[in-house]
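Take a look at the structure below.
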Amino acid sequence: MTDKTNPLLEEYRTPRETVPFDKCRNEHYIPAVDEGIRRWENEVEAIANSPQDAAFENTVVAFERSGSLLKTVSSVFFGVLGAESNDEMMDIAQDISAKLSDCRNNIYLNARLFARIKAVYDCRASLNLTTEDSRLLQDTFDTFADNGAGLVPEEQAHFRRLSADLNRLMLAFDRNALKDKNRYELHITDEKSLAGLPENIREAAAMEAKERNRTGWVFTLSEPSYRPFIKYADSRPLREQIYRARMNVGNCNDETDNRNIIRQIVNIRTEMARMLGYENHAAYTLKDRMIKTPGQVYDLLYRLLEAYRPVAINEYNAIRGFAEGMEKQKIDIMPWDWSYYSEKLKDIRFGVNDEMTRPYFELERATREIFGLATRLYGITFVKNGQIPVYHPEVEAYEVFDADGRYLAVLYTDFFPRRGKQSGAWMNSLRPQYRDGEGVDHRPHVFIVMNFARPTATRPSLLTCDEMRTFMHEFGHALHGILSDVTYESLSGTNVVQDFVELPSQIMENWMEEESFLDLVAEHYLTREKIPSTLVRSLIQSSRFNAGYMCCRQVGFGLLDMAWHTLSAPFDGSVAEFEAQAQAKAAVLPAVSGTLFSSDFGHIFSGGYAAGYYGYKWAEALEADAFSVFKSAGIFDREAAASFRKNILSKGSAESAEALYRRFRGHDPTIDALLIRDGIKK
């Protein structure tokens, strides 16, 4: 295949130089990656062999700007892989991952290149660098050191093998989980078994059955199918059945089983960390974050448990008492009961439930008003452009403009579940923002992916409040990418330390608890009436319902993550027993034998959150404190928004997270604002 026949290797003659998805085929990816690798390795050799003395511009900046083709092609491929995958794409991913691992090792273990970078680093005090330049130098040096550049050749060879094995295993973990989820279905032919389920959920299940050439109704493990079933279905045996299926993804003693992969992943991470001089993977990965040691992470998690667990126990007792009153018998609330009875108790206490609010959150209007919130805060606007190629017909592309009309970014939205799509929701970047050597500002292309309920024959896509928060959350990540204004690509947008990256996303969720915003966004999809003020107040009052349980659940995930990544010796034991012990202190609901969460914990085993899941709770503390600025000034206050944009959203990692937060907020973060917001502390 020549360059002329591969759209990924040609100049993009598309609006805003967007990816020509309409021309891309699976067979284009591997040749494009091969060419990207060839070019990057040639560029690196030129830097490493330069006859000039090593300097910041000719070594560090030159390396930063190398490999542009490979970065672009990799971002495109892995972006599409998560949202639109199949067996062929998974096979290609294995091949590409092996090539990328080998390429990165070739570069980061290049002794001549590292010697030049180290020479610049060693004289950094005399270079009079800007803050952003200093950040780039430090990050570049650390990246090489963290990838084994300082090891002796024999150790480097072993480190290289471990790195390749780790990449292969992480891909296999994702592939197994996706296959396992996709093969499950709960097929119902007896309408009595649908008791309790709202009509729109039944209609969606009937549509799913029809697409599978079945009669009746089909429920799957996708979020828009699984969550409503576990929340509304009156049939306790069926709730248990689908729960056990969901909690056994990757744990089925067959070709999709992830337990041995977990052992291999954690053992490789432990060995690599110890080779670099760290006790465990957590110590290795935390050193550059806001919370810098495993001990500090555990301190945060245990402080949260101390504050929230008594509240969670009271919540559990309240749910159990309510259930026993409803069923007229003693009952142990199991995990498949929690959402069901919680929703009913919330309805009684606050006069609100998802099915009452769902008609007011039509996806099309929600999209318009969430974009409108960004216009109110930051002056930016979103214009749909149907000429921009997309990777699936359901994806939509928008051009983003600043208040002065200046082009800012391209945003892609991908809202609905598909068989080739990973579960959950995420934001990613196809092209980050950066300035080139001539000072030209290259603007970002970002996308947000969700798994919302599809429209049916009689209804548009209608969102629950939780789904609205998910939308707001991922849109916050998108704003972090869209509003980036830095020089270097590796420091732009969401390329920040992991326990800071969730601040821009989680702060957006706060507007879902503000009456003036809900009054804008919530309109009945049939009558076009505004959401009643009584319902808005009920929504706000119920927003912290079961806050103790939700915190303990998140802390449990954080403890599990830390347990896996503070191992200092090889692990060959029972994954289930290890998991149970790690989460025991945070457990609120009874344990269920024969189930496992780790085998589908993609955040830490195939994503980027290893030893970092605590960051969600830490970010909650940050955003609770940060949002108090908006609460004080007004939730649409342009001055507060301008400060957040200038000091947080636009800066990427051009300065330390601590410095950026302190400049915006005026003080160091604490968990006090979170405790007060959740009613834990007065």
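The values are calculated or read from the model by the stated rules, or taken from the named source; none is laboratory data. Remember, predicted model here, so these are calculated numbers, not experimental data. Neighbour counts run over all protein chains shown; Cβ positions are idealised from the backbone, glycine included. All accessible areas refer to the heavy atoms of the entire protein, side chains included, with ligands and DNA or RNA removed. Shrake-Rupley method; radii C 1.70, N 1.55, O 1.52, S 1.80 Å.
Structure notes:
- Restriction of the chymotrypsin sites (Phe, Trp or Tyr not before Pro) in segment 630-664 to DSSP coil positions whose beta-carbon has at most 16 other beta-carbons within 10 angstrom yields 636.
- Between 0 and 90°, nearest 10: helix 223-232 axis offset from the chain longest Cα axis: 30
- Violating pairs (Cα-Cα greater than 30 angstrom) within the set 344/617; 71/646; 71/651; 421/681: 421/681
- Surface exposure of segment 121-171, expressed per residue as accessible area with a 1.4 Å probe, stands at 51 Å².
- Rounded if a/c under 1.5, otherwise prolate or oblate - segment 453-608, Cα gyration tensor axes: oblate
- Helix 199-211 and the longest principal axis of the C-alpha atoms of the chain enclose an angle of approximately 60°.
- Dipole of the chain, positive direction: furthest Cα of 615, 314, 128, with charges on the beta-carbon: 314
- Relative contact order of the chain, pairs being alpha-carbon contacts under 8 Å that are 6 or more residues apart, as %: 16
- Antiparallel %, DSSP beta bridges [both residues in segment 383-508], to 5: 75
- Neighbour cut-off at most 12 other Cβ (10 Å), DSSP loop, trypsin sites (Lys or Arg not before Pro), segment 502-605: 528
- Qualifying trypsin sites (Lys or Arg not before Pro) in segment 390-442, DSSP loop, other Cβ atoms within 10 Å at most 16: 406, 418, 419
- Within segment 570-625, the ratio Rg/Rh, alpha carbon atoms throughout and Rh by Kirkwood, equals 1.03.
- Burial ranking of peptide ranges 407-415, 23-31 (average Cβ count within 10 Å, highest at the top): 407-415, 23-31
- Binning the alpha carbon pair distances of segment 456-505 at 5 angstrom intervals from zero yields the distribution 5, 19, 20, 18, 12, 9, 7, 6, 3, 1, expressed in whole percent.
- For residue 430, nonlocal amide neighbours, meaning residues 5 or more places apart or on other chains whose placed amide H falls under 5 Å from its own, are 445, 446, 447.
- What segment 242-318 shows is 42 Å² of accessible area per residue, with the surface traced by a 1.4 Å probe over protein heavy atoms.
- Along principal axes, Cα extents of segment 1-128, largest first, whole Å: 51, 31, 27
- Proximal charge balance of residue 355 [Cβ under 11 Å; K/R count +1, D/E count -1]: -2
- The charge dipole of segment 67-112, taken about its Cα centre with unit charges on the Cβ atoms of Lys, Arg (+1), Asp and Glu (-1) only, comes to about 480 debye.
- Furthest towards positive pole of dipole, 213, 153, 198, structure part segment 118-225, Cβ charges: 213
- Highest mean packing comes first when the peptides 265-272, 98-105, 123-130 are listed by Cβ atoms within 10 Å, giving 265-272, 98-105, 123-130.
- Burial ranking of peptide ranges 74-87, 324-337 (average Cβ count within 10 Å, highest at the top): 74-87, 324-337
- Shape index of the chain: Rg/Rh, with Rg the Cα radius of gyration and Rh the Kirkwood radius from the inverse mean 1/r over Cα pairs, equals 0.95.
- Accessible area per residue for segment 1-87 is 48 Å², calculated with a 1.4 Å probe on protein heavy atoms, without ligands, DNA or RNA.
- Net charge of the neighbourhood of residue 636, taken over other residues with C-beta under 13 Å away and scored Lys/Arg +1, Asp/Glu -1, is -3.
- In degrees, nearest ten, helix 335-350 long axis to first principal axis of the chain (Cα): 70
- Carbon and sulfur %, accessible surface of the chain computed with the full protein complex present, 1.4 Å: 49
- Here the Kirkwood formula, the inverse mean of 1/r across different C-alpha pairs, assigns segment 115-169 a hydrodynamic radius of 12.8 Å.
- Mean shadow area of segment 329-453, taken as a quarter of the surface of its Cα convex hull (nm²): 12.4
- Rounded, prolate or oblate (a/c below 1.5 giving rounded, otherwise prolate when a/b exceeds b/c) for segment 250-370 by Cα gyration tensor: prolate
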